[in-house]
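S.K.: Take a look at this one; I'll ask things after.
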Amino acid sequence: MNLLAVEKPARYMGGEMGSIRKDVADLRFALAFPDVYEVGMSHLGLRILYHILNDVSWIAAERVFAPWPDMEAEMAADGVQLATLETATPLAECDIIGFTLQYELSYTNVVNMLRLANIPMLARNRGGDAPLILAGGPCAYNPEPLADFFDAVLLGDGEEAVLEIASAVRESKKRGENRAEMLDRLSVIEGVYIPSFFEPQYSTNGTVSAIAPLKPGYSSVRRRFLSNLDTALFPDSPVVPFMKTIHDRVAVEIARGCTRGCRFCQAGYVYRPLRERTPETILNIIEKSLKATGYDEISLLSLSTGDYSCVTPLVTELMSRYSEERVAVSLPSLRVGSLSDNLIEEIKKVRKTGFTLAPEAGSERMRRVINKGITEEDLIAGASSIYRAGWRLIKLYFMIGLPGETEEDVSHISTLARKVKDQSKGLGTSGDVNVAVSTFVPKAHTPFQWEPQISIENTTDLQYQLHCELKKRKLKFKWQDAPLSFMEGVFARGDRRLAPVLLRAVELGCRFDGWREHFSMKLWLQAFADCGIDPAWYLRRRDLDEVLPWDHIDCGITRDFLLSERSKALSESATEDCRDAACSSCGVCDFDKLKNRVSGDATLQPRTPVSATQTEAVRMRLRFAKDGAMRYLSHLELITVFTRAVSRGDVPILFSQGFHPHPRFSFGTATSVGVESEAEYMDMYIEAGISAEDVKFRLNSVLPKGLRILDSKVIDAKSPSISTLIDATCYRISMATISADELPQKCVQFLAHDSFLIQRTKKGQTQTVDLKAETVSLSCEGDKILLVARRGKPLEFARAISGNNSLEGNDILVKKQEVVFSA
């Protein structure tokens, strides 16, 4: 596979620090994320399952992501099937492929990944040798649009259930069971839904009339619950990607579930009850994770981090422990009502970029409808505290299209946003407000699952209204494209009749629909038309007595409770948070094993923080090799690897000054992507008291395969930088297109030129380079060229010597053998 032909080779290399390779295993479980690598590697659920599965000796859990269109084109050209990162095992040869369903607009990627793996896309067409195709994640609570593609769906928490599924498949294979027998075995596992064991029936008006169970005693499937989050396994040595990912940091789930009861929020209902980790457990995970990864940021994750019962003492202790170690703490989900002055005081100690708040609705009335539980007064007071603490940017998130919303309610968004901005003026500072607005999409298992979704036309009209109003108030505005929200709504409440549409859309070329640059409404409308489906029908209001496509899926919340919450929304009545108030009788808890678990008041034992001391700086020069898959790392990715490695290896690196300190190291001239090297050089400044040999040992113990330190030595701190000392570079170049017999003549012909001018275009500027003048020496050794040159890329010289300007990077093999330093 030609990784040089794709935009980001690091997406497909594998071999990252923390990755686990098992060449031999009883069962190979591919964790498939239907989006690009940097999105999937930011997903916490995938990280958790990867390590839980790999902790079992007989299971090999591997990762696979949706290939970006450039890689898909390369795969098609080479006839290569989609394979795992760890061992390059074709997906068709795995035992289980488990897809994460995180977002409705990734559904075409699910289908396309099966196609690229040469696995029959429809479950009914798979034979006994095909892998079990499994799904899980938040979108699994209405799996019906994808039901025809999956053999099984895991509903709810996966930490325990995924091991039971793996054991069942292993046992089934040992016994030689057929596919039907394997599915029957899986159906007895709590939380496992077998779509083929149900048959939806439809009325003449198109609605679902019944969902008929085909297996006796299997009429509905209740989600799986993890009763105690604090005792659940959590990875403290996660995979560390070579490239920057969406969330490039240590991420720790401090709580699961939310009891606030926002009526639009599916996650707030399907992840109940609330389960918190204790601060002691969280601190232990963070300490181990920082050591194992080398990250310099911690993210505390939950549906509402500010509601965590011990959030202020926890953040205080984290800042005490790690602020001197230049480790930042981020809290990505804060409610206005959870912002205390003490918490803001702690948060302001970290890197301040922007502070995000989500009022969701502009008017007080609409916040009562959705049970948001915050007032305008709360928001204004919170904004004032945030600006007072030193922030200059507040990001506000709202929705349009909520049930019962009027144009006046929408106008309140711009009014409220301006009031927030005005708080900075009252403090004598200049503050900015960014307003982001999405379109409300009704989701299954919420009180609004019966409500209609506004049309594309209504959405664009409201967006234009907001654009004009916010522009007048000098506020920045971002919005979700209306067609994307439309498509999300279709599949969020869709049924099995959408499966042919998905197949047709993939056939037409739909991929990465959640990415604006790849989404094509034209192709989707063609797919719907070809299948005789009116997509707008799925956005309609549902009758309260209508059978919904997901009615046989039991998320734990009763239908009566959802109807009651809907009635309260219409009357603008509140439902109190059951964390502190009386039980709201939603139906989830059994008050024995399954109940809200909060940490309560915590008295943390403070750890003595590392003190910043003035130490003598020692400058070391390292020579290192870069080969195998590591040759595809870009220069920036190489810097990231070493940034993580010095921390993981406990190398006492010194940092630059300023708000965003960086490790003090520098590299020689960047080597072209795809070139192997035995002569890469870098300088680093470290604290005195450690030997050059020890630095070499520590780094080699943590660097990934393909990167290794060859030599290290202390140099004068005032020595010139490496790049200024390099006079020339020695390369060995192999070209399969030229025989060993004709190669010497080609070299002679090149050397006979008085000059050999080429032109490069970079950032719109054209440069002329004389390759002949830059050549120090040129000779042959069998079928290889030995080149010493000052400037010029190996590929440019290969083209000049061979006379073939169509040569590409994958047509040659280059090794950088040495650099020549000036005297």
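S.K.: If we keep just the residues of region 460-471 that are free of Cβ contacts under 8 Å to residues at least 12 places away in the same chain and of a type in the set (D, E, K, R), which is most open to solvent (accessible area, probe 1.4 Å)?
M.R.: The extreme case among them is Lys471.
S.K.: Next up: Could you list all residues from region 729-773 that are closer than 17 Å to Ser672 by Cα and assigned to a helix (DSSP H, G or I)?
M.R.: The one that is closer than 17 Å to Ser672 by Cα and assigned to a helix (DSSP H, G or I): Leu771.
S.K.: Name the pairs: first residue in region 793-811 and of a type in the set (S, T, N, Q) and open to solvent by 70 Å² or more (accessible area, probe 1.4 Å), second residue at pLDDT below 90 and part of a loop (DSSP other than H, G, I, E, B), Cβ to Cβ under 8 Å, at least 6 apart or on different chains?
M.R.: Asn810/Asn2
S.K.: OK, next. What do you reckon, is Leu301 open to solvent by 30 Å² or more (accessible area, probe 1.4 Å) and aliphatic (A, V, I, L, M)?
M.R.: yes
S.K.: Using the structure shown, decide if Phe65 is modelled with pLDDT of 95 or more, closer than 24 Å to Leu508 by Cα, among the hydrophobic types (A, V, I, L, M, F, W, C) and touching a strand residue (DSSP E or B) at 6+ places or on another chain (Cβ under 7 Å).
M.R.: In short, yes.
S.K.: What's the number of the condition Gly137 fails, among (1) of a type in the set (Gly, Ala, Ser); (2) touching an Asp or Glu at 6+ places or on another chain (Cβ under 9 Å); (3) touching a residue at least 60 places away in the same chain (Cβ under 8 Å)?
M.R.: In the conditions (1) of a type in the set (Gly, Ala, Ser); (2) touching an Asp or Glu at 6+ places or on another chain (Cβ under 9 Å); (3) touching a residue at least 60 places away in the same chain (Cβ under 8 Å), Gly137 misses (2) alone.
S.K.: Please state which one of Ser363, Ser320, Ser340 is surrounded by fewer than 22 Cβ atoms within 10 Å (Cβ to Cβ) and under 25 Å from Phe655 (Cβ atoms).
M.R.: Selected residue: Ser320, the only one of Ser363, Ser320, Ser340 that is surrounded by fewer than 22 Cβ atoms within 10 Å (Cβ to Cβ) and under 25 Å from Phe655 (Cβ atoms).
S.K.: So if I check each of Arg115, Arg170, which one is open to solvent by 20 Å² or more (accessible area, probe 1.4 Å), closer than 23 Å to His518 by Cβ, in a helix (DSSP H, G or I) and basic (Lys, Arg)?
M.R.: Exactly one residue qualifies, and that residue is Arg115.
S.K.: For Gly792, which of the numbered conditions (1) under 42 Å from the mean Cα position of the chain (by Cα); (2) at pLDDT 95 or above fails to hold?
M.R.: Here Gly792 clears every test but (2).
S.K.: Given (1) modelled with pLDDT of 95 or more; (2) over 30 Å from Phe665 (Cα atoms), identify the lone condition not met by Glu742.
M.R.: Tallying (1) modelled with pLDDT of 95 or more; (2) over 30 Å from Phe665 (Cα atoms), Glu742 fails exactly one: (1).
S.K.: Please pick out the residue among Glu144, Glu160, Glu164 that is acidic (Asp, Glu) and within 14 Å of Val221 (Cβ to Cβ).
M.R.: Glu144 is the lone residue from the list that is acidic (Asp, Glu) and within 14 Å of Val221 (Cβ to Cβ).
S.K.: Assess whether Ser309 counts as being open to solvent by 20 Å² or more (accessible area, probe 1.4 Å), of a type outside the set (Lys, Arg), outside any helix (DSSP H, G or I) and within 24 Å of Asp248 (Cβ to Cβ).
M.R.: The answer is no for Ser309.
S.K.: For region 640-692, how many residues meet the condition of being among the hydroxyl-bearing types (Ser, Thr, Tyr), open to solvent by less than 30 Å² (accessible area, probe 1.4 Å) and assigned to a loop (DSSP other than H, G, I, E, B)?
M.R.: Residues flagged as among the hydroxyl-bearing types (Ser, Thr, Tyr), open to solvent by less than 30 Å² (accessible area, probe 1.4 Å) and assigned to a loop (DSSP other than H, G, I, E, B) within region 640-692 amount to 1.
S.K.: Anything in region 243-265 that is in a loop (DSSP other than H, G, I, E, B), under 25 Å from Leu53 (Cα atoms) and modelled with pLDDT of 95 or more? List them, or say none.
M.R.: Of everything in region 243-265, those that are in a loop (DSSP other than H, G, I, E, B), under 25 Å from Leu53 (Cα atoms) and modelled with pLDDT of 95 or more turn out to be Ile254, Gly257.
S.K.: Considering only residues that are part of a loop (DSSP other than H, G, I, E, B) and among the acidic types (Asp, Glu), which ones fall in region 266-298?
M.R.: Result: Asp296, single match.
S.K.: Working only within region 173-217, note down all residues that are open to solvent by 30 Å² or more (accessible area, probe 1.4 Å), of a type in the set (A, V, I, L, M, F, W, C) and more than 30 Å from Trp450 (Cβ to Cβ).
M.R.: Ala180, Val188
S.K.: Next question, about the same structure. Suppose we keep only residues that are open to solvent by less than 60 Å² (accessible area, probe 1.4 Å) and touching a residue at least 40 places away in the same chain (Cβ under 8 Å) within region 752-779. Which one would you say is nearest to the chain's Cα centre (by Cα)?
M.R.: By that ranking, first place goes to Ile758.
S.K.: For region 705-723, which residues satisfy the criterion of being touching a residue at least 60 places away in the same chain (Cβ under 8 Å), out of contact with any helix residue (DSSP H, G or I) (no Cβ under 7 Å at 6 or more places or on another chain) and outside any strand (DSSP E or B)?
M.R.: Once the filter is applied, which keeps residues that are touching a residue at least 60 places away in the same chain (Cβ under 8 Å), out of contact with any helix residue (DSSP H, G or I) (no Cβ under 7 Å at 6 or more places or on another chain) and outside any strand (DSSP E or B), region 705-723 yields Asp716, Ala717, Ser719, Ile722.
S.K.: Follow-up question, since we're still on this one. Under the condition of being open to solvent by 70 Å² or more (accessible area, probe 1.4 Å) and part of a helix (DSSP H, G or I), which residue from region 531-560 is nearest to Pro200 (Cα to Cα)?
M.R.: Trp537
S.K.: Sticking with this one: Specify the residue that is most open to solvent (accessible area, probe 1.4 Å); the eligible residues are those in region 416-455 that are part of a helix (DSSP H, G or I) and free of Cβ contacts under 8 Å to residues at least 12 places away in the same chain.
M.R.: Lys425
S.K.: Let me ask something else about it. When you scan region 192-202, do you find a residue that is under 30 Å from Lys568 (Cα atoms) and either out of contact with any Pro (no Cβ under 9 Å at 6 or more places or on another chain) or part of a strand (DSSP E or B) (or both), even just one?
M.R.: Scanning region 192-202 turns up no residue that is under 30 Å from Lys568 (Cα atoms) and either out of contact with any Pro (no Cβ under 9 Å at 6 or more places or on another chain) or part of a strand (DSSP E or B) (or both).
S.K.: Quick one: how many residues across region 501-519 are surrounded by fewer than 17 Cβ atoms within 10 Å (Cβ to Cβ) and not hydrophobic (A, V, I, L, M, F, W, C)?
M.R.: 5
S.K.: Residue by residue through region 366-410, note down the ones that are open to solvent by 10 Å² or more (accessible area, probe 1.4 Å), among the hydroxyl-bearing types (Ser, Thr, Tyr) and either in a helix (DSSP H, G or I) or in contact with a helix residue (DSSP H, G or I) (Cβ under 7 Å, 6 or more places away or on another chain) (or both).
M.R.: Passing the criteria: Thr375, Ser384, Ser385.
The values are calculated or read from the model by the stated rules, or taken from the named source; none is laboratory data. Small disclaimer: the values here were computed from a predicted structure and weren't measured. Quick reminder, even Gly has a Cβ in these numbers, built from the backbone with ideal geometry, and neighbours come from all protein chains shown. These area figures cover heavy atoms from the full protein model, side chains too; ligands, DNA and RNA do not enter into them. Shrake-Rupley method; radii C 1.70, N 1.55, O 1.52, S 1.80 Å.
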